[in-house]
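Heads up, the thing below is written out as structure tokens.
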């Protein structure tokens, strides 16, 4: 069971990027991503949209597969900046480890 | 894949304690200038950010990481952050081959020669040339990155530095884009290849140029090195992905997962090998990762310096 946090997208502002709600999940980012990995980063952006913060933190290691190469940001039709969203999630995860 | 937390806390601890992500004293890492006759006065500080100097150490460290990735030994990495930074740093310095250190020192000496031949007004002061901390930014450790960036920016501003000449895309991005936002310090940052004014010579050479993500996409500078080569008569073959759509070399993943860095780099190497010309890189991370994959890759500066010697 995953608890949903409706304010999560807003909370992300603290870590740098609050554009997750602009994403309409077209999957261009996942198609262009050099990782070719399991709907990355689209899946994680969807988790932000639905407030599944716990799900992201449970699988936080996945975030560091991102090379921060910026191809997803370059090609996003909604200018949702997926690369920076992933970087913001990394910041959140690091802060979370250090608090715990 | 290693646990990101173990890698991040080790690197962050080293950077906090020694100002070096490996814990190696910077005076041991930054020695290229000792064999170069560099100006002490000029308009812009040559700021290497120590990235080229780090390549041999990255190759040694990631060689061990590759050996133990996804084995039970990987578990022991969690204790690395408790090891004294200088002790582990000195150990790494000792096991890193001297020939590799000299090779990358020559890259920086070539860059200084190119700047001198281009009559660029620059100077070098090793005590001001520090690591930018950009890896911690990429890894999401914003707090450690910000603290380090403030320290570096304070040193530069106290010394009256206003202009910087950089040699790699990651340091260029950090100093040009991140430092002004984070530290409030604004430097005029110029990559060395924007300063090239070498008299044109006739050469008959073709290369395949790999655009790094930070020059090609983040800074939109990939035309500049290609133009510098064209001015020397060196042609660049077309690559499947380049410029703003360039493909990552895989290098940024090398600390967390050498296996992943190899997979992504392998895909890029296939694109770069297709045109059949010698591969040229202009980023130490790309250079190191492509070398690890067995590519015969040269740095842009060595191609340009060859032309000086011709």
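Hey, got the average number of other protein chain Cβ atoms within 10 angstrom for residues in B:60-72? Spell out each step's value before the answer.
Numbers: counts 0, 0, 0, 0, 0, 0, 0, 0, 0, 0, 0, 0, 0.
Other-chain Cβ atoms within 10 Å of each residue's Cβ, averaged: 0.
Sort B:66-74, B:243-251 for me by packing, meaning the mean count of neighbouring Cβ atoms within 10 Å per residue, highest on top. Could the numbers behind the result be given before it?
Details: B:66-74: 12.3, B:243-251: 23.7.
Those peptides, ordered most packed to least, come out B:243-251, B:66-74.
Binned at 10 Å from 0, what are the whole-percent values of the Cα-Cα distance distribution for segment B:190-310, short to long?
14, 47, 31, 8, 1
Give the distance, in whole Å, between the Cα centre of segment A:81-100 and the Cα centre of segment B:123-139.
Going from one Cα centre to the other spans 23 Å.
Separation of segment A:52-76 and segment B:207-233 by C-alpha centroid, Å?
Here the answer is 28 Å between Cα centres.
Show me the ranking of peptides B:203-210, B:256-263 by mean Cβ neighbours inside 10 Å, starting with the highest. Intermediate values should be presented prior to the final figure.
Details: B:203-210: 18.0, B:256-263: 21.2.
Ranked from most to least packed, the peptides come out as B:256-263, B:203-210.
Take every Cα-Cα distance within segment B:4-194, group them into 5 Å bins from 0 onward, and report for each bin the whole-number percent of pairs it holds.
Whole-percent P(r) values from 0 Å outward: 1, 8, 16, 19, 20, 16, 11, 6, 3, 1, 0, 0.
Between residue B:155 and residue A:79, what's the calculated FRET efficiency when r is the beta-carbon distance and R0 is 30 Å? Round to 0.05. All intermediate terms of the calculation are to be shown ahead of the outcome.
Details: r = 37 Å, r/R0 = 1.22.
Given R0 = 30 Å and the Cβ-Cβ separation, E is 0.25.
At 7 Å along Cα-to-Cβ for each site, give me the label-to-label distance between residue B:70 and residue B:90 in nm.
Calculated label separation equals 3.7 nm.
Give me the inter-chain shielding for B:9-15: mean count of other chain Cβ atoms within 10 Å, whole number please.
Partner-chain Cβ atoms within 10 Å, mean over residues of B:9-15: 1.
Could you tell me what fraction of 2.2 N^0.38 Å the Cα radius of gyration of segment A:28-99 comes to, as a two-decimal ratio? Provide the component values of the computation, followed by the final result.
Details: Rg = 11.6 Å, N = 72, 2.2 N^0.38 = 11.2 Å.
Scaled against compact globular proteins, the figure is 1.04.
Convex hull over the alpha-carbon atoms of segment B:166-233: what's its volume per residue in Å³? Spell out each step's value before the answer.
Details: hull volume 5.1 nm³, N = 68.
Enclosed volume per residue, from the Cα hull, is 75 Å³.
In peptide A:66-78, how many Cβ atoms from other protein chains are near each Cβ within 10 Å, on average?
5
Which value in deg cm²/dmol, rounded to the nearest 500, describes the helix-derived mean residue ellipticity at 222 nm for the protein assembly as shown, given -39,500 (n - 2.57) per DSSP H run of n ≥ 4 and division by the residue count?
It comes out at -14000 deg cm²/dmol, rounded to the nearest 500.
Return an integer: the convex hull volume of the alpha-carbon atoms of the protein assembly as shown, in Å³ per residue. Before the final figure, lay out each step's value.
On the way: hull volume 56.3 nm³, N = 410.
Output value, Cα hull per residue: 137 Å³.
Note the full-extension length gain between residue B:224 and residue B:291 as 0.36 nm times their separation in residues minus their Cα-Cα distance, in nm to one decimal. Can you show the working numbers first?
Working: separation 67, 0.36 × 67 = 24.12 nm, distance 2.39 nm.
Roughly 21.7 nm would be gained on extension.
Values quoted throughout were computed directly from the atomic coordinates according to the rules given, and no laboratory measurement underlies them. Just so you know, these numbers come straight off a predicted model, no measurement behind them. All Cβ positions, glycine included, derive from the backbone under ideal geometry; neighbour counts span all protein chains shown.
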